[in-house]
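The values are calculated or read from the model by the stated rules, or taken from the named source; none is laboratory data. The structure displayed is predicted, hence computed values, not measured ones. Cβ: placed from backbone, ideal geometry, glycine included. Neighbour counts: every protein chain shown. Heavy atoms of the whole protein, side chains included, go into the accessibility calculation; ligands, DNA and RNA do not. Shrake-Rupley method; radii C 1.70, N 1.55, O 1.52, S 1.80 Å.
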Amino acid sequence: MSKITLDIAENCAMKMRSSLQLSLAEPINVKTVIRLLGVITLYRPLSDTLYGLSLKSADDRFRFMLVNSNTTRGRQHFTVAHELYHLYFDENPQPHFCIEGLPDESERSANMFARAFLMPKAGVMKLIPDEELATGKVSLTT
């Protein structure tokens, strides 16, 4: 699945959340997710432009992720979700570095998945009051 649509990304995210017995509205603890999935993960200081990397064994038995501990916690969570896409949904996963810059199709797909996994549309919509949804104007407080 090298190039996906937002709908496909949201569907993949929903399936992974469901397999982990997580609703679409609850926040995710990424360290719990990687523990449940058995992904070997290391958090280490890396260069400013390198967010992380992932690789898996040819037989899918072992999955590994390296996350830059010098980035913000939010960025680390996004990197973990991004790398989960490569480990579980990418049709042609190859060891790669997630670096700052213009992403290719696979990287854009992983970004869409990460966004949908961490903040599913259904979960976000539940938090917006009906009157704000009706007017199409979401307040800053919300």
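Among 110-122, 34-46, what's the highest-first ranking by average C-beta atoms within 10 angstrom per residue?
110-122, 34-46
Taking R0 as 25 Å, what FRET efficiency do you get between residue 18 and residue 62 from their Cβ-Cβ distance, rounded to the nearest 0.05?
So the FRET efficiency works out to roughly 0.55.
Relative contact order for the chain: what percent, with Cα pairs under 8 Å and sequence separation of 6 or more?
For the chain, the relative contact order is 31 percent.
Helix by helix through the chain, keep the DSSP H runs that span 30 Å or more along the axis on Cα and average at least -0.5 on Kyte-Doolittle, and give those back in order.
Span-like helices, by this rule, are absent here.
Using a Förster radius of 25 Å, what is the FRET efficiency between residue 36 and residue 3 based on their Cβ-Cβ separation? Nearest 0.05, please.
0.35
Return the distance in nm (one decimal) between the two label points of a simple spin-label model at residue 48 and residue 11, each offset 7 Å from Cα along Cα→Cβ.
If labels sit at residue 48 and residue 11, their model points lie 4.1 nm apart.
Once R0 is set to 30 Å, what does the formula 1/(1 + (r/R0)^6) return for the Cβ-Cβ distance between residue 127 and residue 69, expressed as a FRET efficiency to the nearest 0.05?
0.50
Which order do peptides 20-31, 48-59, 78-89 fall in by mean Cβ count within 10 Å, highest first?
78-89, 48-59, 20-31
In the chain, what percentage of the DSSP-assigned beta bridges are antiparallel, given to the nearest 5?
For the chain, the DSSP antiparallel bridge percentage is about 65.
Could you give the dipole magnitude of the chain about its Cα centre, charging the beta-carbon of Lys and Arg +1 and that of Asp and Glu -1, in debye to the nearest 20?
460 debye
Using the heavy atoms of the protein chains alone and a 1.4 angstrom probe, what is the accessible area of the chain per residue in square angstrom?
The answer is 62 Å² per residue.
Ignoring everything except DSSP H segments at least 4 long, calculate the 222 nm mean residue ellipticity for the chain; use -39,500 (n - 2.57) per segment, divide by total residues, nearest 500.
Calculated at 222 nm, the ellipticity per residue is -13500 deg cm²/dmol.
Put one equal scatterer on each alpha carbon of the chain, apply the Debye formula with no solvent term, and list log10 I(q)/I(0) at q = 0.10, 0.12, 0.22 1/Å to two decimals.
-0.36, -0.51, -1.41
Mind checking which lysines have their C-alpha under 25 Å from residue 15, skipping anything on the same chain fewer than 8 residues away?
Partners found: 3, 31, 56, 121, 126.
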